[in-house]
Amino acid sequence: MLARFTGDEGRRNLLYTLSEQKLVRGDKVLAEALASSVTLLEAQTGAAVIHQGGVDNDVYFIVTGSFDVFVNGKRVARRHAGEHVGEMAAVQPTQIRSATVVAAEPSVVARVSAARLEDLAEQFPQIHRYVAQELARRLYQRNDHIGSARDRTKVLVLASPQATAAAQVVQETLACEGFTVRQWQDGLARSGGLSVQRLQELAAGVDFAVVISGDDNAPASADAWPATRDALLMETGVLLGVLGSDRTVLLEARGEHAGVEDLPGVVNVAWQPDPSDDLEAVLASACTRLRRYFERQGPFAVA
């Protein structure tokens with residue numbers, strides 16, 4: 001099968017195939033850059049390109065064929081031509097592999113290192129955006145974690161760098177209402193190591209999570225906002241994968257910048273930043289709606 005992608009004709013086939021990748025979305029310039037960066041590999045049926053627990057960090061674009069994804073020996077998904085696997089390496093290069101990926105049929109993949117993909121993302125920012133959205137979507141599908149009963153409802157609060165003051169107000173307000181609240185401050189975009197795993201562990205110990213977007217009356221620059229937005233997408237995706245869509249709440253500032261409304265399945269509560277007013281007053285209505293929603297849903301029931 002590799003012969004189809006060698007020589008002048010093969011190069012044209014490869015460029016066409018790469019341009020059809022979901023991450024590339026028809027961008028011919030990006031397809032050209034990828035074609036010069038990847039190594040083509042053939043995988044026979046049953047051959048694994050990624051092993052759970054492995055420490056490699058390559059990303060694989062499926063050129064032809066399909067692959068099954070296994071977690072702890074259980075098949076959880078199938079990926080087809082035009083999709084990619086191993087994308088967590090692009091987010092957390094030092095994290096061990098969370099799944100085994102095995103060829104379901106004779107297949108060809110295009111392998112690229114996480115470091116090279118990061119270099120390409122500097123030139124093509126849509127790479128980070130798509131990886132973040134795809135990661136969120138896939139984690140949302142893995143909504144199979146169930147928490148245990150709580151004496152007090154527990155809430156995890158996450159915030160963009162522009163919303164730290166708002167997060168503090170939400171934490172203090174909910175705590176006064178009888179909730180047990182803690183903040184996540186590590187972040188995924190620049191943290192190394194096991195930050196994804198740590199966030200999953202924290203989320204498994206609470207009943208709800210609140211992700212706060214906002215500008216704390218000081219909007220981020222237009223250049224900074226997309227990276228902040230992608231970090232929120234990644235973190236929200238992790239929370240969806242652990243808590244589910246009815247226990248992950250986006251407290252979204254309505255202002256100059258777009259929010260994460262294209263992420264499906266998130267409960268949305270809006271707030272309006274107002275430089276002329278006190279944050280506690282601005283957030284009072286939103287905190288009341290959060291409290292009522294949490295009380296209506298209740299803590300996790302006994303399994």
- Message: Name the single residue that is farthest from R79 (Cα to Cα) among those in the stretch 97-123 being open to solvent by 20 Å² or more (accessible area, probe 1.4 Å) and assigned to a strand (DSSP E or B).
- Response: S113
- Look through G178, G187, G192 and report the one residue that is part of a loop (DSSP other than H, G, I, E, B), at pLDDT 55 or above and open to solvent by 30 Å² or more (accessible area, probe 1.4 Å). G178
- Under the condition of being of a type in the set (G, A, S) and modelled with pLDDT of 80 or more, which residue from the stretch 74-101 is farthest from the chain's Cα centre (by Cα)? A81
- Query: Has the stretch 81-92 got any residue that is of a type in the set (S, T, N, Q), over 16 Å from T39 (Cα atoms), in contact with a Leu (Cβ under 9 Å, 6 or more places away or on another chain) and buried (at least 19 other Cβ atoms within 10 Å of the Cβ)?
  - Reply: yes
- Residues of the stretch 195-223 being in a helix (DSSP H, G or I) and either modelled with pLDDT of 75 or more or open to solvent by less than 40 Å² (accessible area, probe 1.4 Å) (or both), which ones? S195, V196, R198, L199, Q200, E201, L202, A203, A204
- Query: Can you pull out the residues in the stretch 19-73 that are under 20 Å from the mean Cα position of the chain (by Cα), buried (at least 18 other Cβ atoms within 10 Å of the Cβ) and part of a loop (DSSP other than H, G, I, E, B)?
  - Reply: Q21, L23, V24, N57
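The values are calculated or read from the model by the stated rules, or taken from the named source; none is laboratory data. Please read all numbers here as calculations on a predicted model, not as lab measurements. A quick note on method: Cβ atoms are made from the backbone with ideal geometry, for glycine too, and the neighbour counts reach across all protein chains shown. Side chains included, ligands, DNA and RNA excluded: accessible areas come from the protein's heavy atoms. Shrake-Rupley method; radii C 1.70, N 1.55, O 1.52, S 1.80 Å.
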